[in-house]
Amino acid sequence: MNEMSPPALTPKDYATDQEVRWCPGCGDYAILKAVLKTLADLQAEPENTVFVSGIGCAARFPYYVATYGFHTIHGRAPAVATGVKLANPELDVWVVGGDGDMLSIGGNHLMHVLRRNVDLQILLFNNEIYGLTKGQYSPTSRVGTRSPSTPQGSLDTPVSAAALALGAGARFIARGVDTQQKVLPEVLSRAHAHKGASLVEIFQNCIVYNDGAFGHFTERSVAEDTQIHLAQGKPMVFGKARDKGLRLKPGSVALEVVTLGEGGASEADLLVHDETNRIQAQMLAAMEPPAFPVALGVLYCNPGASYEAEVRAQREAAKASKGGGDLKALLHGGHTWTVGT
């Protein structure tokens, strides 16, 4: 008797019956579409997949994905997700949050989940504004941003999510754009394949409170000249005519943009992307238009032992050397407390 394989799951199979409620035109719709496609590409098992979110527009995500989900508290999604992964390392855990949720009140939790290298996919939706609370400036808002909480313009230097993650010791950092539906699922799949904390910063347009914040490098008319899509082992070439590239500035540890064929510059002079090079990743993360293109794709990938695997190994080693222990005996033995007068 032949065994029948179940039909392959499609993106629609990962969508819930809940009404998706974001503002019309919000970039979150596009990100949701990319995530559903990624889950189908991976043939992810819904019963073994969990989405954890904090607070904010992006935090509605778990309601729209037909897996397990937790809509937790502001900034604490990385901490809750760490607990989920430690309790059951077999689960595939995704974390979703905005720039305000992850980099302000949740900045501390994000830093620690990255340095511990807990095996999670962390999707940071960066729209450079607080959308859910009506458009206050966020940690990634640029200097001069006028908002209800900064009517004269923001004075704060914005946080770079990628630079912060590198500083915290993250081992996988990538970037994508909400509307790039061909590229974003590939980036998400790479993040999923990485065993450890994977941070994906997704530039997401907030059509109501910060519309067009990334238009200077995401608009179709300028994208080819203002973005560079990184590929491991490939020269860093970009531009509509594929005639521009990045190289180390002679006599300096700094990048510069060159035009191929001008001033003797050739493709042989260009940097080759090495995902394991942290210094190179730092330079790529710092690039901004108009002097440089925005680096997209996998900026850094240097796998190491994941936290939950090390915790489990440590626990097994303790059991092997000291025995399994007896919780009941522990609770009823040794010192006790007397409460009351």
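The values are calculated or read from the model by the stated rules, or taken from the named source; none is laboratory data. On a predicted model such as this, the values are computed, not experimentally measured, just so you know. Virtual Cβ from ideal backbone geometry, glycine too; neighbours counted across all protein chains shown. When the accessible area is computed, the model is the full protein with side chains, heavy atoms only, and any ligands, DNA or RNA have been set aside. Shrake-Rupley method; radii C 1.70, N 1.55, O 1.52, S 1.80 Å.
For the pair T150 and Y29, label points projected 7 Å from Cα toward Cβ lie 2.9 nm apart.
Taking other residues whose beta carbon is less than 13 angstrom from the beta carbon of G107, and scoring Lys, Arg as +1 and Asp, Glu as -1, yields 0.
Near V95, the amide H atoms lying under 5 Å from its own belong to V52, Q121, I122, L123; only residues 5 or more places off or on other chains count, and H is placed 1.01 Å from N. Based on C-alpha pairs under 8 angstrom that are at least 6 apart in sequence, the stretch 54-196 has a relative contact order of 19 percent. log10 I(q)/I(0), Debye, Cα-only the chain, no solvent, q = 0.11 Å⁻¹? Cα-only, vacuum Debye calculation for the chain: -0.77. Scanning residues 5 or more positions from A213 or on other chains, those with amide H under 5 Å from its amide H are C206, with H placed 1.01 Å from N in the peptide plane.
Working value for the stretch 262-341: equivalent-ellipsoid semi-axes of 57, 19, 8 Å, each the square root of 5 times a Cα gyration tensor eigenvalue, largest first. When the charge dipole of the stretch 178-237 is built from unit charges on Cβ atoms (+1 for Lys and Arg, -1 for Asp and Glu) and taken about the Cα centre, the candidate among P235, F217, N205 whose Cα reaches farthest toward its positive end is P235. Placing +1 on each Lys and Arg Cβ and -1 on each Asp and Glu Cβ, with no other charges, gives the chain a dipole about its Cα centre of roughly 660 debye. Globularity index of the stretch 1-49 is 1.45 (Cα radius of gyration / 2.2 N^0.38 Å, N = number of residues).
Keeping the other protein chains in place, figure out the carbon and sulfur percent of the accessible area of the stretch 46-87, with a 1.4 Å probe.
That share works out to 63 percent.
Using a cutoff of 8 angstrom between alpha carbon atoms and counting only pairs six or more residues apart, the relative contact order for the chain works out to 14 percent. The listed residues D326, D92, D101, once ranked by accessible area (1.4 Å probe) with the largest placed first, stand as D326, D92, D101.
Near T145, the amide H atoms lying under 5 Å from its own belong to S154; only residues 5 or more places off or on other chains count, and H is placed 1.01 Å from N.
Ignoring lysines fewer than eight residues from K328 along the same chain, the ones with Cα atoms less than 25 angstrom from its Cα are K319. Counting only protein heavy atoms and using a 1.4 Å probe, the accessible area of T179 comes to about 90 Å². The residues of the stretch 1-156 expose on average 48 square angstrom of accessible surface per residue, using a 1.4 Å probe on protein heavy atoms.
Quick check: with the 1.4 Å probe, what order do T49, T226 take by accessible area, largest first?
T226, T49
For the stretch 234-341, the relative contact order works out to 17 percent when only alpha carbon pairs closer than 8 Å and six or more residues apart are counted. The local environment of A309, defined by Cβ-Cβ distances under 9 Å, has a net charge of -1 under the rule Lys, Arg +1 and Asp, Glu -1.
Quick one: check the C-alpha center-to-center distance for the stretch 1-60 versus the stretch 116-194, whole angstrom. Answer, in whole Å: 21.
Only DSSP H runs of four or more residues enter the estimate; each adds -39500 (n - 2.57), and after division by the residues of the chain the mean residue ellipticity at 222 nm equals -8500 deg cm²/dmol. Of all lysines in the structure, the ones whose alpha carbon falls short of 23 Å from that of K12, not counting any fewer than 8 places away in one chain, are K33, K37, K182. Extents of the stretch 95-238, taken as max minus min of Cα coordinates on every principal axis and listed largest first, are 45, 38, 22 Å. On the beta carbon distance between R242 and A87, with R0 = 45 Å, the FRET formula returns roughly 0.40. In summary, the convex hull built on the alpha carbon positions of the stretch 39-136 has an orientation-averaged projected area of 6.1 nm².
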